[in-house]
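A.B. asks: This is the structure I want to talk about, given as structure tokens.
The values are calculated or read from the model by the stated rules, or taken from the named source; none is laboratory data. In this text the structure is predicted, and so the values were computed from the model without any measurement. A quick note on method: Cβ atoms are made from the backbone with ideal geometry, for glycine too, and the neighbour counts reach across all protein chains shown.
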Amino acid sequence: MQHAPNQYVIKISCPATSGIVAAVTTFLADHGCYISEMAQFDDEVSGTFFMRAVFRFNAGLKGDIAVIEQGFVDVAGKFAMTWELHDTSQPMRVLLMVSKFDHCLSDLLYRHQKGELHMQITAVVSNHLDLRPMAEREGIRFIYLPVTRDTKAQQEAELMKIVDETRTELVVLARYMQILSDDLCKQLSGRAINIHHSFLPGFKGAKPYHQAFERGVKLIGATAHYVTADLDEGPIIEQEVQRVDHNYAPDDLVAVGRDTETVALSKAVKYHLEHRVFLNHDKTVIFR
């Protein structure tokens, strides 16, 4: 049985100007590459051009991705590009953080098991022991880091040590109910995804779904975003909503909320794993 050829993703952002697409496609063609997917966007407000291309070496050609990587430096320099090159055969190394709620962790583990999420889970880290059996049932390392006001700095330093030791590329806060320090947010900038109910900032604090019930909301939502020092203000990756009405009791809203949270988070993680997300100041550009 013949194996499918390796595919690679190149992500590019640079000041918008003419000739970028021609330069990239010509370079890849000259190096024996076939482009199977390409998307681009010109943000006229910021004057930034974004591009994502998926390519492989032509059949019968034993290409060297290192040659592509080295040679593309000249193209990138000409257009002042920020760029990344990824081998899609390599699963991204992901660390999952949880507290007591299990729905997001359960959903991510299920999708991973079914092959929907191309990742290698390096560990599950939690400030509680409740979800330890769920992680260990899947043969995943579980790390207990209880957090108090006095131990917060020490435990965050331990977390970064784990991230570095496991060569983790993405941290997913799958309903991790602790606020990360500004310093940790900076260290994880662009590589940490959080999920929260979309009522923020309208319904801050405890029991947001009960607050929503009291106000008679008509939409239940959830937002997946990158973590920043500004609480729940990071660049948005994905949002899910579901319509509700007066028949929904608070517990019904909680159940609907669980569904929207799992869907929004899994989509956001998938987009990141497939290198589809570009940071664009306080926003994102996503080539679905």
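A.B. asks: I'm trying to understand the selection: among the residues of region 69-89, which are charged (D, E, K, R), closer than 17 Å to Thr25 by Cα and in contact (Cβ under 8 Å) with a residue 60 or more places away in the chain?
C.D. replies: Scanning region 69-89 gives a single hit, Glu84.
A.B. asks: Could you check how many residues of region 235-255 are surrounded by 18 or more Cβ atoms within 10 Å (Cβ to Cβ) and hydrophobic (A, V, I, L, M, F, W, C)?
C.D. replies: Final tally of qualifying residues: 4.
A.B. asks: OK, next. Which ones in region 13-68 are part of a helix (DSSP H, G or I) and without any contact (Cβ under 8 Å) to a residue 40 or more places away in the chain?
C.D. replies: Val21, Ala22, Thr25, Thr26, Ala29, Asp30, Ala66, Val67 - these are the residues of region 13-68 that are part of a helix (DSSP H, G or I) and without any contact (Cβ under 8 Å) to a residue 40 or more places away in the chain.
A.B. asks: OK, next. Tell me the residue from Asp183, Asp232, Asp130, Asp150 that is at positive phi, surrounded by fewer than 21 Cβ atoms within 10 Å (Cβ to Cβ) and of a type in the set (Asp, Glu), please.
C.D. replies: Within the list Asp183, Asp232, Asp130, Asp150, the selection yields Asp232.
A.B. asks: Check Val125 against each of (1) on the phi > 0 side of the Ramachandran plot; (2) under 20 Å from the mean Cα position of the chain (by Cα) and name the one condition it does not meet.
C.D. replies: (1)
A.B. asks: Of all strands (runs of 3 or more DSSP E) completely enclosed by region 105-200, which ones contain at least 2 residues that are modelled with pLDDT under 95?
C.D. replies: The strands (runs of 3 or more DSSP E) meeting that bar are 192-197.
A.B. asks: Scan region 57-68 for residues that are farther than 17 Å from Thr26 by Cβ and under 29 Å from the mean Cα position of the chain (by Cα) and report the count.
C.D. replies: 3
A.B. asks: Is it the case that region 48-68 has a residue that's in contact with a helix residue (DSSP H, G or I) (Cβ under 7 Å, 6 or more places away or on another chain), over 18 Å from Glu274 (Cα atoms) and not hydroxyl-bearing (Ser, Thr, Tyr)?
C.D. replies: Looking for residues that are in contact with a helix residue (DSSP H, G or I) (Cβ under 7 Å, 6 or more places away or on another chain), over 18 Å from Glu274 (Cα atoms) and not hydroxyl-bearing (Ser, Thr, Tyr), one finds at least one in region 48-68, hence yes.
A.B. asks: Does region 215-228 contain at least one residue that is of a type in the set (A, V, I, L, M, F, W, C) and loosely packed, with under 14 Cβ neighbours inside 10 Å?
C.D. replies: yes
A.B. asks: Also: Yes or no: region 90-106 includes at least one residue that is surrounded by fewer than 16 Cβ atoms within 10 Å (Cβ to Cβ), of a type in the set (Lys, Arg) and free of Cβ contacts under 8 Å to residues at least 60 places away in the same chain.
C.D. replies: No, that holds for no residue.
A.B. asks: Further question on the same structure: Let me spell it out: the conditions are (1) surrounded by 16 or more Cβ atoms within 10 Å (Cβ to Cβ); (2) in the same structural domain as Lys161 (by TED's automatic domain parsing); (3) not β-branched (Val, Ile, Thr), and Tyr110 meets all of them except one. Which number is the exception?
C.D. replies: It fails just one condition, (1).
A.B. asks: If I filter region 50-64 down to residues being under 23 Å from Val21 (Cα atoms), surrounded by fewer than 20 Cβ atoms within 10 Å (Cβ to Cβ) and not hydrophobic (A, V, I, L, M, F, W, C), which single residue comes out as modelled with the lowest pLDDT?
C.D. replies: Among those that are under 23 Å from Val21 (Cα atoms), surrounded by fewer than 20 Cβ atoms within 10 Å (Cβ to Cβ) and not hydrophobic (A, V, I, L, M, F, W, C), it is Gly63.
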